[in-house]
């Protein structure tokens, strides 16, 4: 990924009006439309942190046009994958542009360290599962030398197939805004971008937790209590807790048989009989 | 002793085996591969003898057991007497063991005597017990047996050979099954089946449950008449598992597969729940001796559909795999829920900073915070909150309770009775009350010291609102001084909203005489009849005097509301005499209706001759100041009071007595305003009816004697009048009664305490029949009225018509002649007269006298000569046309011994103002619908002076409006003390349909029996 280095006023700042007349965007059916209709996009602190990286680049005009694109539904599709957010954006040309925001996934060793830390403190998983990025998650990551967010634009390579040589262009900006909204509702999306999807991440956490829980199930691991119950054997249930032994039949769908009888009604007298345990109990 | 074991064999079901300590401990086999014979397992034939199960079959199983190189390790339950040291860690090795295979679905029986059973037996017995319980509760479904050797071709077809019963594991049953799996000793699943691994605990429990449920269910229905009556296919669920010919109904198998979805294990969506407990013992069950209480908040997963299904977080962490069967990701669900809850309850976050959070410990402050605030927030946010019984989320109701004892003069002398003064001090203490329960000193101390407003009260923890608690404690700290009697009584009578305390005063207990006063003064020591009184007070009158004197000593106003005839006049005069025995307190002003001004003067002269009485009334009256100067009692009328208010208000009266105080029931009346201007040290009101129509009247009378005591008229209306009158709030009425009780003394003639002093009154309703003539006339009147009402708008005209019709109906009930105005003879045309004649025959035979009341003068005109002729006796007839003089003569003659025995009175002319105690019988010939009016008439006979029991009879024609309304009046009477509306207006407001119900004749006529007596006409 090669980023242009520029000096002097940017193109858009030199010819702002002209650029805005560059072309009319083509309408898109079923595009991804930003939920935010006005003002800022990105409600959570974490999507704010992500967008701050773009804001710091100082391409204000393009960002606001990107916001307009995001709200107009110009983004046809968007995928947050390990290492990259890729999207198709409909611009003024017939052919939609391909936009991509890259982010270096953490190495497996780094992930192991992260997962170890997360498994040791279930607050993080609890918050993530509750739809929030815990505000001290970055501290944990910092301890293993990682950062959740790109540290400046240098860690956020972006490219787009549009002719605009500004980075980000409005297409990339639109994609970033929509990604931010995705991060709002699913903080796991941020982690997926860093290399682990939700299912994998939770499974790895679960494995670590279960390993610590120390409940082995294989016979080989149970030789020390081979004849003993794992938990106290429950007392036999108190007899007859339910009002009627045929109540379950009422929850069943009708089962009409060939002879026009309903299997439920055929069975009902038998169920009533089942409700009468033999005198003397069992065993 | 044999050690018995049970296991679940995937192919064979429950198998039993045993170890024998007397067999060699070591194996001689040197085989390196394959299973070796277990050296000390009991041989099959001996097993069968030990267990004695005829249906069991002997077999051999390969078991994987913890072993040393040359022998399986002894089980925990095998007792050899001595145990050699083990060389090293055991390894799993296979041994062939003789087993006893139990028939399908049969659980291990009770272990025989002389053996020792390992937990494996108990575990499989528990599985069997759950299966039996599932069957009993009907938690099972028939299903096609599709577990048929994995034959996919067979499975896909609808040709199913067998039906089986499958357990339905849902909700708590699922947890029970999972708990069984967690408990299952590994030895229960140690059979080594060639080509397969050993079974999982969950798999064993599932399979054992399924087999046992199927077996129990079949056993219970086999041979029953229900099964005999069932179609062929159903027999596959009983003793004939194979579906034979004819083939099962086509839809059956597919339908049963659909049912299996309903019966699939699930517990529904789950939420986090939080259970707060006090920790009373540590994890080793040692009681905690830490004086500071410790609380534990336990996290759990709770089924949102079945709240009884709750799994502690520790269980979720211990074995999440088992729970995964009913919840996709139990651990993730729990964690996510906890994360969500941490937003509501941020302190929770700290407790999550471990790998497997199970709960958090709370100190007193934390527990208070949780109970007072968090619990409700969590509940609102959709989480479960479980508290021990008696605990409650949210702050408890905090109030004040006051208790006091005896009054003392400021110089320390304890006073009693009427000597207690308003400024005496009362031994008095305030306490806090929680949920209405008064705290003890210890509990209050604990609360003051507590770091959080959480108090253990009667075995439960109660959280309090910190601000209110602080205010309450501050209030208590300020109340160190002893209050005066006046303060305390003021507190007792003031509405809580008006008490200047930060918390509501929930209870006030007073001991001694003050307490007695609050309780209604019924046990005050009665005063003796004062020396100047020329009469002997009855016991209840002496109690009344004592009460009056007590209030007077406290300079508190009172309302003496005794029933008419109980001697209110005498009690007031006795009070004046009592006080004047000790000196001259100054003049008393007595205000009464004009009609009784002279009566008062006369009575005063009669009962207390020494009392100097002056009358300030009538034309040419002098300046009252002169009279007050040398009189003890100044009697005036309300009218004169209004006219001479300025003059009378100049005088400092010792007391003002308001006789017939209902005259001031309207607080905006000129009389009431004038009374308020009077300057008096003490005020009394006398009335027989403190509340005639509305509660506001009580307020007016109370306010006249104790200004301001019941608050403003508006406040009274809001607090009492509206809730009681409009909403029928009994509790509010009781509260009002409690507050006014110290100042209102009302004795009814029927009071047990008064009845001792008065003869009894026996009321009966006599039902009479109608003659055929009466009945047909009655119907005509009703039909005519209902007919006419149809085209009349509600209003005066309609009321008029209803009233007119009801008058006619009552007349018909009395006698047809009253309606027909035909002057026709009395004859035997009225059932009521027939009954009356019977009653009077009895009365006269006993030599008694009777009063007969009617509201129809025409009836009296007709009846008087009839009865006179019928009984050949004089009948006095008092009606509106009789002159005053003739009336007095009549009364006098009746009261004397030789007068007439029967006194016929019109209700209007004879209902009030006269005393006819010579009569022992009162007959109401027709009903007046306001019970108070009837009672008043009855009281002519039932007055002071009556020495015998009075029989009161009310004649009512059965099936007519008289009877219907008698029932209504009886119901109304229950409320009569609070409010009864006058007259018959309430009847006229009934709808036409309701009227039809009340009025329509509901009885067959019954003509008086022939030969009853001769016709007196």
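What follows draws every value from the coordinates through simple rules; no lab data is involved. Small disclaimer: the values here were computed from a predicted structure and weren't measured. Neighbour counts are summed over all protein chains in view; Cβ atoms, including those assigned to glycine, are modelled from backbone coordinates with ideal geometry.
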task: Work the Kirkwood hydrodynamic radius out for the stretch B:539-745: mean of 1/r over every pair of different alpha-carbon atoms, inverted, in Å.
output: 17.3
task: Find, to one decimal place in angstroms, the Kirkwood hydrodynamic radius of the stretch B:398-518, where the mean of 1/r is taken over every pair of different Cα atoms and then inverted.
output: 15.3
message: Quick check on the protein assembly as shown: take the gyration tensor over C-alpha atoms, sort the square-rooted eigenvalues as a ≥ b ≥ c, and tell me if it's rounded (a/c under 1.5), prolate or oblate.
response: prolate
message: Among A:147, A:245, A:161, which one shows the highest mean-square fluctuation when chain A is modelled as a Gaussian network with alpha-carbon springs under 10 Å?
response: A:245
task: Compute log10 of I(q)/I(0) for chain B with the Debye formula, placing one identical point scatterer on every Cα and leaving out solvent, at q = 0.04 Å⁻¹, to two decimals.
output: -0.46
statement: For the stretch B:558-668, the percent of all C-alpha pairs falling in each 10 Å bin, from 0 up to the bin holding the max distance, is 13, 50, 32, 4
query: Which value results for Rg/Rh of the stretch B:2-227 when Rg is the Cα radius of gyration and Rh the Kirkwood radius based on the inverse mean 1/r?
result: 1.01
- line: The simple spin-label model distance between residue A:81 and residue A:139, using points 7 Å out along Cα→Cβ, in nm, is 3.7
- request: Pop the C-beta distance of residue B:798 and residue B:997 into the FRET formula with R0 = 22 Å and round what comes out to the nearest 0.05.
  value: 0.85
message: Between the stretch B:836-870 and the stretch B:167-213, what is the separation of their alpha carbon centroids in Å?
response: 96
message: Based only on other Cβ atoms within 10 Å, what is the fewest-to-most ordering of B:1, B:785?
response: B:1, B:785
statement: With R₀ set to 35 angstrom, the calculated FRET efficiency between the beta-carbons of residue B:307 and residue B:727, to the nearest 0.05, is 0.45
task: Treating the angle as unsigned and between 0 and 90°, give the value, to the nearest 10°, between the Cα long axis of helix B:119-136 and the longest Cα principal axis of chain B.
output: 50
query: Taking square-rooted eigenvalues a ≥ b ≥ c of the alpha carbon gyration tensor, is the stretch B:465-556 rounded, prolate or oblate, where a/c under 1.5 means rounded and, failing that, a/b exceeding b/c means prolate?
result: prolate
query: Using a ≥ b ≥ c from the Cα gyration tensor of chain A (square roots of the eigenvalues), is it rounded, prolate or oblate, where a/c under 1.5 gives rounded and otherwise the larger of a/b and b/c decides, a/b for prolate?
result: oblate
- prompt: So which residue, out of A:253, A:105, A:82, gets the largest mean-square fluctuation from a GNM of chain A using Cα contacts under 10 Å as springs?
  reply: A:253
query: If you rank B:777, A:118 by fewest surrounding Cβ atoms within 10 Å, what's the result?
result: B:777, A:118
- request: Report, for chain B, the % of DSSP beta bridges that are antiparallel, rounded to 5.
  value: 50
task: Work out the FRET efficiency for residue A:29 and residue B:260 from their Cβ-Cβ distance, taking R0 = 60 Å, and round it to the nearest 0.05.
output: 0.85
message: Given a 10 angstrom Cα cut-off, can you work out which residue in A:159, A:251, A:207 is the most mobile in a GNM of chain A?
response: A:251
- prompt: Which order results if B:764, B:854, B:889 are arranged by neighbouring Cβ count within 10 Å, fewest first?
  reply: B:764, B:889, B:854
